[in-house]
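Engineer: One structure is given below, represented as structure tokens, and several questions about it will come after.
The values are calculated or read from the model by the stated rules, or taken from the named source; none is laboratory data. Here the structure is a predicted model, which means the values were calculated and not measured. Here the Cβ positions follow ideal geometry from the backbone for every residue, glycine too, while neighbour counts run over all protein chains shown. Note: accessible area is taken over every heavy atom of the protein model, side chains too, but ligands, DNA and RNA are not part of it. Shrake-Rupley method; radii C 1.70, N 1.55, O 1.52, S 1.80 Å.
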Amino acid sequence: AQSVAQPEDQVNVAEGNPLTVKCTYSVSGNPYLFWYVQYPNRGLQFLLKYITGDNLVKGSYGFEAEFNKSQTSFHLKKPSALVSDSALYFCAVTDSGAGSYQLTFGKGTKLSVIP
Amino acid sequence: DSGVTQTPKHLITATGQRVTLRCSPRSGDLSVYWYQQSLDQGLQFLIQYYNGEERAKGNILERFSAQQFPDLHSELNLSSLELGDSALYFCASSVDGGSSYEQYFGPGTRLTVT
């Protein structure tokens, strides 16, 4: 079984400050990890992924995430937040050896960037 | 724009009815996934098709079924609808190979059962 935890329902950050959205995961095998963003009344937009290799992955719109195997974490970060980053963020995991790459999502974290 | 299209965008129907949701994947993607998003359950995987064949099933009710056609578009059929089936239904497509396992989501179909 696979699972994802996003411990914060909401994160508030001032514009220009760094932001972090936390994610921890559990899978039986090796994880493939993803971050998605959802704006109101829109579909999910892919931000970045960890498949293998470098633990620090860079994605769209200046976002990055660090894969930490020992802590089973994949936190999303951005050095300087923009008001336009305000949205709902989802972390997702799939088991690379399971035969299907179906995603298990966390409950989502609402990011509010305050001007 | 993800390249994944879903129709219709909104659907309002009565309990007991049957509806069909349609999804066209990105060009070249063989895998189609269906997900349900609701306030109480969050985002849940329903079913996956790969190149016309069912690959995996998640928390999909027996009243729900899906198929993928030779042109790779997919349909999700929901029958004997209940109030609790009201949700946002997403399809997503993926290459599922190489290093490309990310799924690209359509805009969703918002189903309201009255």
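Engineer: Roughly how many Å is it from the Cα centre of the stretch A:10-52 to that of the stretch B:80-114, as a whole number?
Structural biologist: Between the Cα centres of the stretch A:10-52 and the stretch B:80-114 lies a distance of 18 Å.
Engineer: Can I ask one more? Report, by chain and number, residues whose modeled amide H sits under 5 Å from the one on A:F67, excluding near sequence neighbours (fewer than 5 apart, same chain).
Structural biologist: Residues meeting the criterion, in which the H sits 1.01 Å from N, are A:L56, A:V57.
Engineer: Under the Karplus relation 6.51 cos²θ - 1.76 cosθ + 1.60, θ = phi - 60°, what is the ordered set of whole-Hz ³J(HN,Hα) values for the stretch A:43-60, x standing for Gly and Pro?
Structural biologist: Rounded to whole hertz, the list is x, 7, 10, 5, 9, 6, 8, 10, 10, 6, x, 4, 5, 9, 10, 10, x, 6.
Engineer: Let me ask another. Convert each backbone phi in the stretch B:71-79 into a coupling constant with the Karplus relation 6.51 cos²θ - 1.76 cosθ + 1.60 (shift: θ = phi - 60°), then list the ³J(HN,Hα) values in order as whole Hz, x for Gly and Pro.
Structural biologist: 7, 6, 6, 10, 10, 10, 9, 10, 10
Engineer: Using alpha-carbon pairs under 8 Å, 6+ residues apart, how would you state the relative contact order of the stretch A:30-96 in percent?
Structural biologist: Over the stretch A:30-96, the number comes to 39 percent.
Engineer: Quote the FRET efficiency, to the nearest 0.05, computed for A:S28 versus B:F69 with a Förster distance R0 of 25 Å and r equal to the Cβ-Cβ distance.
Structural biologist: Numbers: r = 33 Å, r/R0 = 1.32.
E between A:S28 and B:F69, to the nearest 0.05, is 0.15.
Engineer: Let me ask another. Can you work out ³J(HN,Hα) from phi for every residue in the stretch B:103-114, in order, using Karplus 6.51 cos²θ - 1.76 cosθ + 1.60 and θ = phi - 60°, giving whole Hz and x for Gly and Pro?
Structural biologist: 9, 10, 9, x, x, x, 10, 8, 9, 10, 9, 10
Engineer: Taking the Cα centre of the protein assembly as shown as the origin, how large is its charge dipole in debye, to the nearest 20, when only Lys and Arg (+1) and Asp and Glu (-1) carry charge on their Cβ atoms?
Structural biologist: Dipole magnitude for the protein assembly as shown comes out near 220 debye.
Engineer: Distance from a point 7 Å along Cα→Cβ of A:S112 to each backbone N in the stretch A:48-92: keep the residues under 15 Å and list them by number.
Structural biologist: Inside the label zone: A:83-89.
Engineer: Can you give the mean number of other chain Cβ atoms that lie within 10 Å of the Cβ atoms in peptide B:44-50?
Structural biologist: 3
Engineer: Compute, for the stretch B:10-78, the length of the dipole vector about the Cα centre, with Cβ point charges of +1 (Lys, Arg) and -1 (Asp, Glu) only. Units Debye, rounded to 20. If you can, show how the numbers build up before the last one.
Structural biologist: Values: 6 positive and 7 negative charges, 20 e Å.
Magnitude of the dipole: close to 100 debye.
Engineer: Averaging sequence separations of C-alpha pairs under 8 Å and six or more residues apart, then dividing by the length of the stretch B:1-109, give the relative contact order as a whole percent.
Structural biologist: Values: 251 pairs, mean separation 38.9, N = 109.
Here the relative contact order equals 36 percent.
Engineer: Based on Cβ point charges of +1 for Lys and Arg and -1 for Asp and Glu, what charge dipole magnitude is obtained for the stretch A:1-93 about its Cα centre, in debye rounded to the nearest 20?
Structural biologist: The dipole magnitude comes to about 180 debye.
Engineer: Mark the label point 7 Å from the Cα of A:V83 along Cα→Cβ and return the residues of the stretch A:90-115 whose backbone N is within less than 12 Å of it.
Structural biologist: Within reach of a label on A:V83: A:113-115.
Engineer: Follow-up. Evaluate peptide A:101-112: per residue, the Cβ atoms of other protein chains within 10 Å of its Cβ; return the mean as an integer.
Structural biologist: 5
Engineer: Please go through the stretch B:3-49 and write out the trypsin sites (Lys or Arg not before Pro) that DSSP classes as loop and that have at most 12 other C-beta atoms within 10 Å. Mind dumping the intermediate values first?
Structural biologist: Details: sites: B:K9, B:R18, B:R22, B:R26; in loops: B:K9, B:R18, B:R26.
The qualifying sites are B:K9, B:R18.
Engineer: Then there is this: Keeping all protein chains in place, calculate the accessible area per residue for the protein assembly as shown (probe 1.4 angstrom), answer in Å².
Structural biologist: Value returned for the protein assembly as shown: 47 Å² of accessible area per residue.
Engineer: Find the sum over both chains of the accessible area lost when A and B are paired, probe 1.4 Å, and report it in Å² to the nearest 100.
Structural biologist: That pair hides around 1600 Å² of surface in total.
Engineer: Straight distance only, please: which lysines reach the Cα of A:K78 with their own Cα at less than 22 Å, same-chain residues fewer than 8 apart left out?
Structural biologist: Qualifying lysines at Cα under 22 Å: A:K22, A:K49, A:K58, A:K69, A:K107, A:K110.
Engineer: I want to make sure I understand the PRE zone here: with the label point 7 angstrom from the Cα of B:L83 toward its beta carbon, which residues in the stretch B:100-114 have backbone N atoms less than 13 Å away?
Structural biologist: B:113-114
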